[in-house]
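Chemist: Have a look at this one before I ask anything.
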């Protein structure tokens, strides 16, 4: 009996790899698509949050009496409405979270720990009343000293955010609390011996600023709780099953009581893997016995939802004259924000991952500061550490007078290389992306005055995880694919393509639906570049289940053994001459008679997808520096990355381009600016400068395909890696344009001007 | 017997020993035997650990088989954005 493929497809593919029309396209361009704030319920209230204007203070009292008395106010919640949670770490998207911290982040308890920290929330008949009520809530604070920057937070005597925080990972354990939550270390070989063998050593320090994921759609949800405790939540999220789990846990509800539906999502990039408004909206809805809608303003998104961390990184790399790296070391401290859990561990593991190195050591510190708690942002942790490493490598190439791509090729990780975090790599595409970069016309194109070219590579692991898929074969033979991962980057299209391929039917016969949490078993979120990888694997297995049932039905109709039928290109046929002569039956033929042969045909798969393959990429960028203003213009940009197999090349290219553009912002203009009062001064898109279309050139892309042998179609994840190389590639390009290096992101005009001034002063000094 | 390697901070719970041989047919057996041998390590195997078997990383996969001559790395669980 034929079955769906379980190894990379060797046959000619009909749908996988095609640029099919996107199923969500029409709804999105016509405005029909419903995002987080687009659902309206009868009798709905407006929920608003009272947020701390102080970066650090003890809450002495909260008086809601006047606000509650305001006509139109239907419910108010504070810390008293959420049970305290014991310390318990659970996986949540990018990293482990602690419910003790989550319950404090959604609503401050003993202290406010950052400007924007929720203190109370109101549900009222309209927004004006809700805002008025917020003003009537009286909070008495004891103001405490605050600390914003990671360097300051690590100093002895720094204001403590958590008086009981003892640094983990240090032996013997410290006796005094500090803001350092954790120290992590990864080491391979003998670092000292490695540096002794080096002819050249580059040692540099780098600083990066927190950057927001910048999703265009703010956090939004609408919650409804009936009198008997059955609840519904409509929310913009990357993982509605994860939202359900967190909300049920935080509110002490049975999971079955809560149904969560994922709306269309206007960007997430990791930032919509955690809960902020959702448990608050549910608590308000329960209290008010009316639906409550909550939508963050852009200012709230900046002040209260997680950015990627800012960091300090020190890198030391040694190499022989011919460019072989003998030792590499990086020490890094990442801002976690108000609660522990920065992605510094991933930063340490990824820092040197693209390379085949014998002697490596990385040390990381997870540091709390009076800022919003960080959240995942594409390849969490990796862009920061790899930025520093890729910049140092570029300087090493300069000093050795070796082409920077050749230096990388000489040290590139390949199949069988032991990763710096332990295991040996399977097939990976580092060498292939470097070679594609060297052969690309961009790499040898002529540069003009004040222009420079930079390259950098990047790595991300990718993940699988728990995933369900169901395929309902409809009465006419068309199929509905039910999947549980919200579609952020085109997964509905790619899942449909893989399903059509596995079933051997026309793509137009497949429609993908994102299930709510009551329709399908637990499915982990869309993140970690897992949706197309794991969803495709589950859909392929569900298709195998469908095929098995189709063959069984045909065998029953023909009254022959099941192993005497075969499935091919959407038809069941007798398997060979001895099986008898019967006309082939299409899915539609069998589906039409399904009621007479045993009932509906539904294929299902529930898996914990394993075998995700890392994705590596290399970027080339040309910049021009305006020496009068310090403005850096990106002239040309090429992204080259291993996709394993691009199921829908246009979406893959879109992910590559999006990562590059976000990276351009991270490199050149995006940063959180805090005043001495601990308040963010640029909480809006006017002052927090993300790139817009006119800031960037058309981003060229090259899809490299080194198939992942563990996936039926060879898929790797591709959404994370594109954000890793841009910062270093741009920094290296600026370095070559100026003839001097900058070591701090963003490389905004004032910093570039300062570097130009210092360089010119140095030149004049030499001239005298 | 499989060669087991602890990556990152885990060796703090084994008295500094990062590599050893252990007989285990599955990830669950591996965790059980590790917890028996190093009780301080046990709680840290409950959540947040990935297991690389002969290079392939597995997460939350108790039933994944481990070969007699496999190389097994225990490393922090990997997420993503």
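The values are calculated or read from the model by the stated rules, or taken from the named source; none is laboratory data. Keep in mind the model is a prediction, meaning the values are calculated, not measured. Here the Cβ is made from the backbone with ideal geometry for all residues, glycine too, and neighbour counts use every protein chain on show.
Chemist: If residue A:266 satisfies every condition in (1) farther than 21 Å from residue A:121 by Cβ; (2) not in a loop (DSSP other than H, G, I, E, B) but one, which is the exception?
Modeler: (2)
Chemist: Restricting attention to region B:1-22, which residues are under 11 Å from residue B:71 (Cβ atoms) and facing another protein chain (nearest Cβ under 10 Å)?
Modeler: Correct list: B:5 only.
Chemist: Of everything in region B:26-48, what is touching a strand residue (DSSP E or B) at 6+ places or on another chain (Cβ under 8 Å) and at the interface with another protein chain (Cβ under 10 Å from one of its Cβ atoms)? Give them in sequence order.
Modeler: B:47, B:48
Chemist: Let me ask something additional. Of all residues being part of a strand (DSSP E or B) and within 14 Å of chain B (Cβ to nearest Cβ) in region A:366-418, which is farthest from residue A:202 (Cα to Cα)? Just the residue, please.
Modeler: If we take residues in region A:366-418 being part of a strand (DSSP E or B) and within 14 Å of chain B (Cβ to nearest Cβ), then A:366 is farthest from residue A:202 (Cα to Cα).
Chemist: Go through region A:522-531 and give me each residue that's crowded, with 17+ Cβ neighbours inside 10 Å and in contact with a strand residue (DSSP E or B) (Cβ under 6 Å, 6 or more places away or on another chain).
Modeler: Listed by number, the residues that qualify are A:523, A:524, A:530.
Chemist: Can you confirm whether region A:310-329 contains a residue that is under 26 Å from residue A:100 (Cβ atoms) and not assigned by TED's automatic domain parsing to the domain that holds residue A:658?
Modeler: The answer is yes; a qualifying residue exists.
Chemist: Is it true that residue A:596 is surrounded by fewer than 16 Cβ atoms within 10 Å (Cβ to Cβ) and modelled with pLDDT of 95 or more?
Modeler: Here the answer is yes, as residue A:596 does meet what is asked.
Chemist: Looking at region A:420-437 only, could you name the residues that are out of contact with any helix residue (DSSP H, G or I) (no Cβ under 8 Å at 6 or more places or on another chain) and either free of Cβ contacts under 8 Å to residues at least 40 places away in the same chain or within 14 Å of chain B (Cβ to nearest Cβ) (or both)?
Modeler: A:422, A:423, A:424, A:425, A:426, A:427, A:428
Chemist: With respect to residue B:50, determine if the residue is under 21 Å from residue A:428 (Cα atoms) and not in a loop (DSSP other than H, G, I, E, B).
Modeler: In short, yes.
Chemist: Another question, if that's okay. Give region A:533-553 a look and list any residue that's within 14 Å of chain B (Cβ to nearest Cβ) and out of contact with any strand residue (DSSP E or B) (no Cβ under 6 Å at 6 or more places or on another chain), or say none.
Modeler: Within region A:533-553, A:533 is the sole residue that qualifies.
Chemist: Only one of A:108, A:158, A:124 is without any contact (Cβ under 8 Å) to a residue 60 or more places away in the chain and buried (at least 23 other Cβ atoms within 10 Å of the Cβ). Can you tell me which?
Modeler: On inspection, the qualifying residue turns out to be A:108.
Chemist: Next question. Please find, among A:142, A:163, the residue that is in contact (Cβ under 8 Å) with a residue 24 or more places away in the chain, more than 30 Å from residue A:288 (Cβ to Cβ) and surrounded by fewer than 17 Cβ atoms within 10 Å (Cβ to Cβ).
Modeler: Result of the check over A:142, A:163: A:142.
Chemist: Related question: Taking the condition of being in contact with a helix residue (DSSP H, G or I) (Cβ under 6 Å, 6 or more places away or on another chain) and more than 10 Å from residue A:319 (Cα to Cα), how many residues in region A:172-201 meet it?
Modeler: 3
Chemist: Okay, next question. Can you tell me which of B:18, B:56 is more than 21 Å from residue A:96 (Cβ to Cβ) and touching a strand residue (DSSP E or B) at 6+ places or on another chain (Cβ under 7 Å)?
Modeler: From the options B:18, B:56, the qualifying one is B:18.
Chemist: Okay, next question. Run down A:630, A:603, A:599 and say which single residue is outside the structural domain of residue A:697 (by TED's automatic domain parsing), in a loop (DSSP other than H, G, I, E, B) and over 22 Å from the mean Cα position of the chain (by Cα).
Modeler: Only one candidate passes the filter, namely A:599.
Chemist: Name the residue, out of A:243, A:275, that is in a loop (DSSP other than H, G, I, E, B), crowded, with 19+ Cβ neighbours inside 10 Å, in contact with a helix residue (DSSP H, G or I) (Cβ under 6 Å, 6 or more places away or on another chain) and away from every other protein chain (no Cβ under 14 Å).
Modeler: Matching residue, one of A:243, A:275: A:275.
Chemist: Within 29 Å of residue A:645 (Cβ to Cβ), touching a strand residue (DSSP E or B) at 6+ places or on another chain (Cβ under 6 Å) and in contact (Cβ under 8 Å) with a residue 24 or more places away in the chain: is that true of residue A:395 in this structure?
Modeler: So residue A:395 fails the test.
Chemist: Which residues, counting only those in region A:689-718, are away from chain B (no Cβ under 14 Å), surrounded by 22 or more Cβ atoms within 10 Å (Cβ to Cβ) and over 15 Å from residue A:639 (Cβ atoms)?
Modeler: Those that are away from chain B (no Cβ under 14 Å), surrounded by 22 or more Cβ atoms within 10 Å (Cβ to Cβ) and over 15 Å from residue A:639 (Cβ atoms): A:706, A:712, A:713, A:714, A:715.
Chemist: A follow-up question, please. Considering only region B:62-74, state which residues are surrounded by fewer than 20 Cβ atoms within 10 Å (Cβ to Cβ) and either within 12 Å of chain A (Cβ to nearest Cβ) or within 18 Å of residue A:462 (Cβ to Cβ) (or both).
Modeler: The answer is B:62, B:63, B:64, B:65, B:70, B:71.
Chemist: Counting only residues that are at pLDDT 95 or above, closer than 30 Å to residue A:345 by Cβ and within 14 Å of another protein chain (Cβ to nearest Cβ), give me the strands (runs of 3 or more DSSP E) lying completely in region A:448-532 with at least 1 of them.
Modeler: Result: A:451-460, A:465-473.
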